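Peer 1: Sharing a structure here in structure tokens format.
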Amino acid sequence: MVIEKENYTISYDDNLSYMIEVIDYLDLKMLEIMSFFELRSLKYKRKIIIYHDLELYKKHIEQFHEYRDYMCADTNDGNINLLSLEEAHKTKTHVDMSIEELKSTIVHEFVHICHQDSEIENNGKSINWFWEALATNLGNPDNNRMIEITASNDEIEQFRSLPHNYSVAFTIGKYLLENYSHENILEYIRYPKKLKQDANNILNEARIWSKKKEIQY
């Protein structure tokens, strides 16, 4: 089945009846997220591709970087690619994924799309912890938790190999959203070089803040 919307086209197998619920939820959250990024529309209509074959999805991921078991959705090619619920259940990380989690995952990926469209000064390399800091807080906060940050800045920069990476990113995002102005955050989104200059200070501040919160694993 193919459904055309103003900002996206989604294609999926006709027998996945739960996708209507997923689409409705995305539409509900979409304007709120675009408002955060101060976007009136996307630069172009995106494709949302639902993968019904885990091995095919792995091959898709491997065009860009090493596949890891936690990966079930991405925007590597500028579109939203997402495993169906049935295929996500074949992974160790997402064996118990619910429809609610699938709904929040697609919204998480839509945050990445808005982030992509908001960059003015693209330096060719994403700052992964920052992208996930925003996506986890704006897209699927109920699926993430705050932790005390113990990793060094260098370790955080190597995001894909960082233990508890999404929890670290979520905590950094909470710190930014609670302590930086919306204007400051938008500047970092639009001008990644500015973020890169300030990254060590932000990470150091977030580390101290997380310890004061006395968060436990």
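Taken together, the values in this text are just the output of simple stated rules run on the coordinates, not laboratory data. What you are looking at is a predicted structure, and each value in this text was computed from that prediction instead of being measured. When we count neighbours, we look across all protein chains shown, and the Cβ atoms used for this are built from the backbone with ideal geometry, even at glycine.
Peer 1: Among DSSP beta bridges whose residues both lie in segment 1-118, state the antiparallel percentage, nearest 5. Please list the in-between numbers first.
Peer 2: Values: 5 of 13 bridges.
Roughly 40 percent of the DSSP beta bridges within segment 1-118 come out antiparallel.
Peer 1: 222 nm [θ] for the chain, helices only, -39500 (n - 2.57) per DSSP H run of 4+, per residue, to 500?
Peer 2: Mean residue ellipticity, 222 nm, calculated: -16000 deg cm²/dmol.
Peer 1: Here's something else I'd like to know. Arrange THR91, THR171 by Cβ neighbour counts within 10 Å, fewest through most, would you?
Peer 2: Details: THR91 18, THR171 26.
In increasing order of surrounding Cβ atoms, one gets THR91, THR171.
Peer 1: How charged is the neighbourhood of ALA199? Take every other residue with its Cβ under 12 Å from the Cβ of ALA199, and add Lys/Arg as +1 and Asp/Glu as -1. Could the numbers behind the result be given before it?
Peer 2: Values: positive: LYS193, LYS194, LYS196; negative: ASP154, GLU157, ASP198, GLU205.
Computed value for this residue: -1.
Peer 1: In addition: Placing +1 at every Lys and Arg Cβ and -1 at every Asp and Glu Cβ, with all other atoms neutral, what dipole size does the chain have around its Cα centre, in debye to the nearest 20?
Peer 2: 600
Peer 1: Right, another one. Pick out, in residue order, every one of the trypsin sites (Lys or Arg not before Pro) in segment 138-205 that is DSSP loop and has at most 15 other C-beta atoms within 10 Å; say none if there are none. Write out the running numbers ahead of the final one.
Peer 2: Working: sites: ARG145, ARG160, LYS174, ARG190, LYS193, LYS194, LYS196; in loops: ARG145.
In loop regions of segment 138-205 (DSSP not H, G, I, E or B), the sparsely surrounded trypsin sites (Lys or Arg not before Pro) are ARG145.
Peer 1: Once phi is turned into ³J(HN,Hα) by the Karplus curve 6.51 cos²θ - 1.76 cosθ + 1.60 with θ = phi - 60°, what whole-Hz value does each residue of segment 127-144 show in order, with x for glycine and proline?
Peer 2: With coefficients 6.51, -1.76 and 1.60, one gets 8, 4, 4, 6, 4, 6, 4, 6, 5, 6, 7, 8, x, 9, x, 5, 9, 10 Hz.
Peer 1: Out of the trypsin sites (Lys or Arg not before Pro) in segment 2-58, which ones are loop residues according to DSSP with at most 13 other C-beta atoms within 10 Å?
Peer 2: Numbers: sites: LYS5, LYS29, ARG40, LYS43, LYS45, ARG46, LYS47, LYS58; in loops: LYS5, ARG40, LYS43, LYS45.
Passing sites in segment 2-58 are ARG40, LYS43, LYS45.
Peer 1: Where the centre of each part is set by its Cα atoms, how far does segment 27-86 sit from segment 107-181, in angstrom?
Peer 2: Here the two parts' Cα centres lie 16 Å apart.
Peer 1: Consider the candidate values (i) 43, 25, 12; (ii) 28, 20, 16; (iii) 30, 24, 15; state which one is semi-axes √(5λ) of the Cα gyration tensor in Å computed from the structure displayed.
Peer 2: It is the value labelled (ii).
Peer 1: Now for a separate question. Quick check on segment 174-213: take the gyration tensor over C-alpha atoms, sort the square-rooted eigenvalues as a ≥ b ≥ c, and tell me if it's rounded (a/c under 1.5), prolate or oblate. Walk me through the numbers on the way to the answer.
Peer 2: On the way: a/c = 3.81, a/b = 1.57, b/c = 2.43.
In terms of gyration-tensor shape, oblate.
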